[in-house]
Amino acid sequence: MWSPFMTRHVFSDWAVEDGSFLRLNTLTLGYSLPDIVTERLHIQRLRFYVSGQNVFVWTNYSGFDPEVSSRRNTVLTPGLDYSAYPKSRQLLFGVNLTF
């Protein structure tokens, strides 16, 4: 902790909180049409899918992201949160078609 009225840094636990979390980082769900349907369409295989990145984070951490970022990587500042932006969430929809 820094203050302009102090000549040195003071370490305190007033801002320490539990940073445990559960993250579902990658999830893909897909469905392939049955052969009887694809044969009628004169194709070998047809598959639809959706894929997600950074699907959810379950935590009681009050910051944006419990995987904190540190400006300086020293033994005195491990796990120090400098308010990094949260990770982006991505969704991808797709079709695999084989003739």
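The values are calculated or read from the model by the stated rules, or taken from the named source; none is laboratory data. As the structure is a computational prediction, the values presented were derived from the model and not from experiment. Neighbour counts run over all protein chains shown; Cβ positions are idealised from the backbone, glycine included.
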Scanning the range 15-27 residue by residue, those under 14 Å from residue 62 (Cα atoms) and either outside any strand (DSSP E or B) or not hydrophobic (A, V, I, L, M, F, W, C) (or both) turn out to be 15, 16, 17, 18, 19, 20
Restricting the range 6-49 to residues that are closer than 30 Å to residue 66 by Cα and of a type in the set (Asp, Glu), the one modelled with the highest pLDDT turns out to be 18
Kindly evaluate residue 93 against the criterion of being closer than 21 Å to residue 27 by Cα, surrounded by 11 or more Cβ atoms within 10 Å (Cβ to Cβ) and modelled with pLDDT of 90 or more.
no
Reported set for the range 28-43 where residues are over 12 Å from residue 98 (Cα atoms) and assigned to a strand (DSSP E or B) is 28, 29, 30, 31
